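Scroll down for the structure; my scribbles are underneath it.
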Amino acid sequence: MTLVEKILAARAGLIEVSPGQFINVNVDLVMAHDLTASIAIRQFKELGAKNVFDPNKVALVPDHFVPTKDIASAEVNKNLREFAREQQIIYFECGQKSGIEHVILPEKGLVLPGDVVVGADSHTCTYGAVGAFSTGMGSTDIAVAMATGEIWLKVPPTIKFVYSGQPGPWIGGKDLILHTIGQIGVDGALYSVMEFTGSVIDQLTMDDRFTMANMAIEAGAKAGVFAVDEKTLEYVNARARRPFEVYASDPDAEYAQVITYDLSEMEPQVSCPHSPENTVPVSQTAGVKIDQAVIGSCTNGRLKDMAEAAQVLKGRQVHPSLRCIIIPGSQEVYLAALREGFIETFIEAGAAVSTPTCGPCVGGHTGVLAAGERCISTTNRNFVGRMGSPEAEVYLASPAVAAASAVAGEIINPEEVVR
Amino acid sequence: MIRGTVHKYGANIDTDVIIPAKYANLPTPEELGAHCLENLDDGFVKKVRTGDVLMATTNFGCGSSREQAPWSIRGAGVSCIIAKSFARIFFRNAINIALPLLECPDAVEGTESGDVLEIDLTSGKIENITKNKVFSAAPYPDFIRELIDAGGLIAYARQKIDSK
Ligand code: SF4
């Protein structure tokens, strides 16, 4: 069996499962955020449920429209807060130890290897980076999971991706995943699990792995997973407050497909408007003038991302014709970036630095785009209207490419800025 | 039996196009429905009549997990969605809130905007009245059938909780 099949079998109380089978699975964590929790709470009440199945396994994370951006979002947050108090569940208050859900849940040790995690957010697949099975669902599914601690699933087939070769400088998890989505398309892994393997993956930092697992949904996948290795254990052991189980794919596990990429000649990648599958090497977009650069989000708002942006921006200036907005993904990342001197670098370079939030990624606030504007962003979606006006354009890239482009005023390979 | 006029669109219609996040805090399906698909076709809401059929090619509903997407389609009055394929979270969400959807590539190929369809959800039979053609969608797996028969996920889960 594959890694995911083993987790699902264990949590379903079965010896074996195979793709296509419908199963009921026990969950280790259920999550919702400020755009999805209201419907979940309404459905929870509709269900006639009085209490959540386990207050330690249900988390609400207001992060999309926080700090609250208008009266409507303030009312929504109030509703979430009251429900969290009444049910005594995990609640991440703005400020405090909070941040973007997919950054903080692993950071706080709330998701661990071998877990089954469901969240009312499509990027819940991020936790595959620690060897968990995690997937996004809608609010009604989440309401039922909060009440019963169980979820129905169809066991997905797994596609194995093997990354080999010696990637050049400035290549990270974002480039690998943008390249992959460009190759297989936005429905290339529909209903499937993407298992990321190979010598390049072994070298990747945890933060890069989070970036890759995060965008599995952008290929239509149910989950994206990595085998647990020493880096994973170092990461989770520093955070875990409960035991966990490590599973690994059998050598003879059955895969729906095995896809291999040699990354030796690869340049940094950019996904052009209006789909993450429109991926090209950065040189093909060179010279495209931009109005805004955004560095942050659940895709690239971690410490390694801040370090990469700082490395590019150190001693340089954001081009006078654009805004560069940098948003650390959590209070912990923010503080670490501050101590490392990255925040000082950003501000000296002329970037606007904001408190952790989803903000511009979802066209909410803190950097919404006007008609005709063009943005380079480290987020995960460049759909029409995603970051504001339906007449705006979004290019997706790594923090290095976004920071270099912020300096140049146009999309550029970081190599040409940092010599 | 469902009978309605078809509104047909293309591939990879994402949830940001179905209902932008700025409307996510609207509380009712009707209010969400008033903005349904406005980033794709701002005339859709004016054209669509209660009972009409929404049609698309592949990967309909990709992107975010926001349940506001199927709610807004329901709120706009759509009775059924037919596509070549659906994104998985959207598929689940729609089934959970009892918004019928059918995967049927042949019907999508053989139908244009403005055609009138008659759909029998139980058998999966789709009849294009305008073009006088009949298509059949694959029946739902037993498990999904059970969910739909129960009246959606809330009703299904309530049955399970009560029987415990
Ligand atoms: S940062 Fe963007 S993609 Fe991530 S959870 Fe927030 S809105 Fe969603």
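May I ask you to say which residue of B:THR122, B:THR130, B:THR111 is open to solvent by less than 10 Å² (accessible area, probe 1.4 Å), β-branched (Val, Ile, Thr) and within 17 Å of B:ARG3 (Cβ to Cβ)? So that I can check it myself, show each step before the final result.
Working: B:THR122 fails: open to solvent by less than 10 Å² (accessible area, probe 1.4 Å); B:THR130 fails: open to solvent by less than 10 Å² (accessible area, probe 1.4 Å).
That would be B:THR111, the only listed residue that is open to solvent by less than 10 Å² (accessible area, probe 1.4 Å), β-branched (Val, Ile, Thr) and within 17 Å of B:ARG3 (Cβ to Cβ).
Out of contact with any Pro (no Cβ under 9 Å at 6 or more places or on another chain) and within 16 Å of the ligand (Cβ to nearest atom): is that true of A:MET194 in this structure?
Spelling it out, it is not the case that A:MET194 is out of contact with any Pro (no Cβ under 9 Å at 6 or more places or on another chain) and within 16 Å of the ligand (Cβ to nearest atom).
Quick check on my filter: what residues within the stretch A:351-368 are free of Cβ contacts under 8 Å to residues at least 60 places away in the same chain and either farther than 21 Å from A:SER330 by Cα or within 10 Å of the ligand (Cβ to nearest atom) (or both)?
A:GLY363 - this is the single residue of the stretch A:351-368 that is free of Cβ contacts under 8 Å to residues at least 60 places away in the same chain and either farther than 21 Å from A:SER330 by Cα or within 10 Å of the ligand (Cβ to nearest atom) (or both).
Which number in (1) of a type outside the set (S, T, N, Q); (2) within 15 Å of A:GLY119 (Cα to Cα); (3) within 12 Å of chain B (Cβ to nearest Cβ) marks the one condition that A:GLU46 misses?
(2)
Out of all the residues in the stretch A:153-167, is one or more modelled with pLDDT under 95 and within 13 Å of another protein chain (Cβ to nearest Cβ)?
Scanning the stretch A:153-167 turns up at least one residue that is modelled with pLDDT under 95 and within 13 Å of another protein chain (Cβ to nearest Cβ).
Residues A:GLU277, A:GLU340, A:GLU308: which one is within 14 Å of chain B (Cβ to nearest Cβ) and either within 16 Å of the ligand (Cβ to nearest atom) or in contact (Cβ under 8 Å) with a residue 12 or more places away in the chain (or both)? Don't jump to the end; show me each part of the working.
Numbers: A:GLU340 fails: within 14 Å of chain B (Cβ to nearest Cβ); A:GLU308 fails: within 14 Å of chain B (Cβ to nearest Cβ).
So the residue among A:GLU277, A:GLU340, A:GLU308 that is within 14 Å of chain B (Cβ to nearest Cβ) and either within 16 Å of the ligand (Cβ to nearest atom) or in contact (Cβ under 8 Å) with a residue 12 or more places away in the chain (or both) is A:GLU277.
State yes or no: is A:CYS298 more than 16 Å from the ligand (Cβ to nearest atom) and either touching a residue at least 24 places away in the same chain (Cβ under 8 Å) or assigned by TED's automatic domain parsing to the domain that holds A:VAL186 (or both)?
Working: more than 16 Å from the ligand (Cβ to nearest atom): no; either touching a residue at least 24 places away in the same chain (Cβ under 8 Å) or assigned by TED's automatic domain parsing to the domain that holds A:VAL186 (or both): yes.
In short, no.
I want to confirm something. Restricting to the stretch A:49-65 and keeping residues that are in contact (Cβ under 8 Å) with a residue 40 or more places away in the chain and open to solvent by less than 10 Å² (accessible area, probe 1.4 Å), which single residue is nearest to the other protein chains (Cβ to nearest Cβ)?
A:PHE65
So which residues in the stretch A:128-151 are in contact with a Ser or Thr (Cβ under 9 Å, 6 or more places away or on another chain), more than 7 Å from chain B (Cβ to nearest Cβ) and assigned to a helix (DSSP H, G or I)?
Listed by number, the residues that qualify are A:GLY128, A:ALA129, A:VAL130, A:ILE142.
Within the stretch B:141-164, restricting attention to residues that are without any contact (Cβ under 8 Å) to a residue 12 or more places away in the chain and within 23 Å of A:PRO19 (Cβ to Cβ), which residue is nearest to the other protein chains (Cβ to nearest Cβ)?
Among them, the one singled out is B:PHE143.
Return only the number of the condition from (1) of a type in the set (Asp, Glu); (2) in the same structural domain as A:VAL103 (by TED's automatic domain parsing); (3) in contact with an Asp or Glu (Cβ under 8 Å, 6 or more places away or on another chain) that A:GLU254 does not satisfy.
(3)
I need a count of the residues in the stretch A:359-371 that are over 20 Å from A:VAL401 (Cα atoms) and open to solvent by less than 20 Å² (accessible area, probe 1.4 Å). Please lay out each step first, then the result.
Here is the first cut: in the stretch A:359-371, the ones over 20 Å from A:VAL401 (Cα atoms) are A:359, A:362-366, A:368, A:370-371.
Retained after the next criterion (residues that are open to solvent by less than 20 Å² (accessible area, probe 1.4 Å)): A:359, A:362-364.
Residues in the stretch A:359-371 being over 20 Å from A:VAL401 (Cα atoms) and open to solvent by less than 20 Å² (accessible area, probe 1.4 Å): 4 in total.
A quick yes/no check of all residues on (1) at positive phi; (2) open to solvent by 10 Å² or more (accessible area, probe 1.4 Å); (3) within 9 Å of chain A (Cβ to nearest Cβ); (4) not aliphatic (A, V, I, L, M):
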site	(1), (2), (3), (4)
B:LEU26	no, yes, yes, no
B:GLU31	no, yes, no, yes
B:GLU38	no, yes, yes, yes
B:GLY61	yes, no, no, yes
B:TRP71	no, yes, yes, yes
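Look through A:ASP70, A:ASP34 and report the one residue that is open to solvent by 60 Å² or more (accessible area, probe 1.4 Å) and within 14 Å of chain B (Cβ to nearest Cβ). Spell out how you get there, then give the answer.
Values: A:ASP34 fails: open to solvent by 60 Å² or more (accessible area, probe 1.4 Å).
Being open to solvent by 60 Å² or more (accessible area, probe 1.4 Å) and within 14 Å of chain B (Cβ to nearest Cβ) holds for just one of A:ASP70, A:ASP34, which is A:ASP70.
Within the stretch B:143-162, identify whether any single residue is touching a helix residue (DSSP H, G or I) at 6+ places or on another chain (Cβ under 9 Å), open to solvent by less than 10 Å² (accessible area, probe 1.4 Å) and in a loop (DSSP other than H, G, I, E, B), and answer yes or no.
yes
Only one residue in A:ARG316, A:ARG381, A:ARG374, A:ARG339 is surrounded by fewer than 18 Cβ atoms within 10 Å (Cβ to Cβ) and among the basic types (Lys, Arg), so which one is that? Step through it out loud before you land on a result.
Working: A:ARG316 fails: surrounded by fewer than 18 Cβ atoms within 10 Å (Cβ to Cβ); A:ARG381 fails: surrounded by fewer than 18 Cβ atoms within 10 Å (Cβ to Cβ); A:ARG374 fails: surrounded by fewer than 18 Cβ atoms within 10 Å (Cβ to Cβ).
The conditions single out A:ARG339.
Tally the residues that are among the aliphatic types (A, V, I, L, M) and surrounded by fewer than 24 Cβ atoms within 10 Å (Cβ to Cβ), restricting the search to the stretch A:160-191.
Start the filter on the stretch A:160-191 by keeping residues that are among the aliphatic types (A, V, I, L, M), which leaves A:162, A:171, A:176-178, A:181, A:184, A:186, A:189-190.
Add one more test, that the residue is surrounded by fewer than 24 Cβ atoms within 10 Å (Cβ to Cβ), and what stays is A:162, A:171, A:184, A:190.
Total meeting the criteria: 4.
Among the residues in the stretch A:281-292, are any away from the ligand (no atom under 15 Å from the Cβ), within 14 Å of chain B (Cβ to nearest Cβ) and within 28 Å of B:ALA11 (Cα to Cα)?
Taking the stretch A:281-292 as the starting set, the residues that turn out to be away from the ligand (no atom under 15 Å from the Cβ) are A:281-292.
After this cut, where a residue has to be within 14 Å of chain B (Cβ to nearest Cβ) as well, the list is none.
Checked the stretch A:281-292: no residue is away from the ligand (no atom under 15 Å from the Cβ), within 14 Å of chain B (Cβ to nearest Cβ) and within 28 Å of B:ALA11 (Cα to Cα).
Please determine, by comparing only the residues of the stretch B:1-24 that are more than 30 Å from A:GLY185 (Cα to Cα) and either surrounded by 14 or more Cβ atoms within 10 Å (Cβ to Cβ) or within 14 Å of chain A (Cβ to nearest Cβ) (or both), which one is modelled with the lowest pLDDT. Outline the logic, then answer.
Going through the stretch B:1-24, the residues more than 30 Å from A:GLY185 (Cα to Cα) turn out to be B:1-5.
From what is left, the residues that are either surrounded by 14 or more Cβ atoms within 10 Å (Cβ to Cβ) or within 14 Å of chain A (Cβ to nearest Cβ) (or both) are B:2-5.
On the way: B:ILE2: 93, B:ARG3: 97, B:GLY4: 97, B:THR5: 98.
Here the answer is B:ILE2.
So A:GLY315 clears everything in (1) farther than 29 Å from A:SER199 by Cα; (2) within 14 Å of chain B (Cβ to nearest Cβ) except one condition, right? Which one?
Against the list (1) farther than 29 Å from A:SER199 by Cα; (2) within 14 Å of chain B (Cβ to nearest Cβ), A:GLY315 comes up short only on (2).
Yes or no: the stretch A:1-20 includes at least one residue that is within 16 Å of the ligand (Cβ to nearest atom), under 23 Å from the mean Cα position of the chain (by Cα) and either away from chain B (no Cβ under 13 Å) or surrounded by 21 or more Cβ atoms within 10 Å (Cβ to Cβ) (or both).
Initial filter on the stretch A:1-20 (within 16 Å of the ligand (Cβ to nearest atom)): none.
No, the stretch A:1-20 contains no residue that is within 16 Å of the ligand (Cβ to nearest atom), under 23 Å from the mean Cα position of the chain (by Cα) and either away from chain B (no Cβ under 13 Å) or surrounded by 21 or more Cβ atoms within 10 Å (Cβ to Cβ) (or both).
Can you pull out every residue in the stretch B:40-59 that is among the β-branched types (Val, Ile, Thr), within 13 Å of chain A (Cβ to nearest Cβ) and not in a loop (DSSP other than H, G, I, E, B)? Talk me through it step by step, then tell me what you get.
Step one: filter the stretch B:40-59 for residues among the β-branched types (Val, Ile, Thr), giving B:45, B:48, B:50, B:53, B:57-58.
Within this subset, residues satisfying the condition of being within 13 Å of chain A (Cβ to nearest Cβ) are B:57-58.
Listed by number, the list is empty, since nothing qualifies.
Can you name the residue in the stretch A:369-386 that is more than 20 Å from the chain's Cα centre (by Cα) and farther than 15 Å from A:ASN278 by Cβ and, of all such residues, is nearest to the ligand (Cβ to nearest atom)?
Here is the first cut: in the stretch A:369-386, the residues more than 20 Å from the chain's Cα centre (by Cα) are A:369-374.
Still in the running and farther than 15 Å from A:ASN278 by Cβ: A:369-373.
Values: A:LEU369: 14, A:ALA370: 20, A:ALA371: 21, A:GLY372: 23, A:GLU373: 18 Å.
Within the stretch A:369-386, the match that is nearest to the ligand (Cβ to nearest atom) is A:LEU369.
Give the number of residues within the stretch A:319-333 that are surrounded by fewer than 20 Cβ atoms within 10 Å (Cβ to Cβ) and assigned to a helix (DSSP H, G or I). Explain how you work it out, then say what you get.
Step one: of the stretch A:319-333, the residues surrounded by fewer than 20 Cβ atoms within 10 Å (Cβ to Cβ) are A:319-321, A:323, A:332.
From what is left, the residues that are assigned to a helix (DSSP H, G or I) are A:332.
Total satisfying the criteria: 1.
The values are calculated or read from the model by the stated rules, or taken from the named source; none is laboratory data. Predicted, not measured: the structure shown is a model, and the values here were computed from it. Every residue, glycine as well, gets a Cβ built from its backbone with ideal geometry; the counts of neighbours run over all protein chains shown. When the accessible area is computed, the model is the full protein with side chains, heavy atoms only, and any ligands, DNA or RNA have been set aside. Shrake-Rupley method; radii C 1.70, N 1.55, O 1.52, S 1.80 Å.
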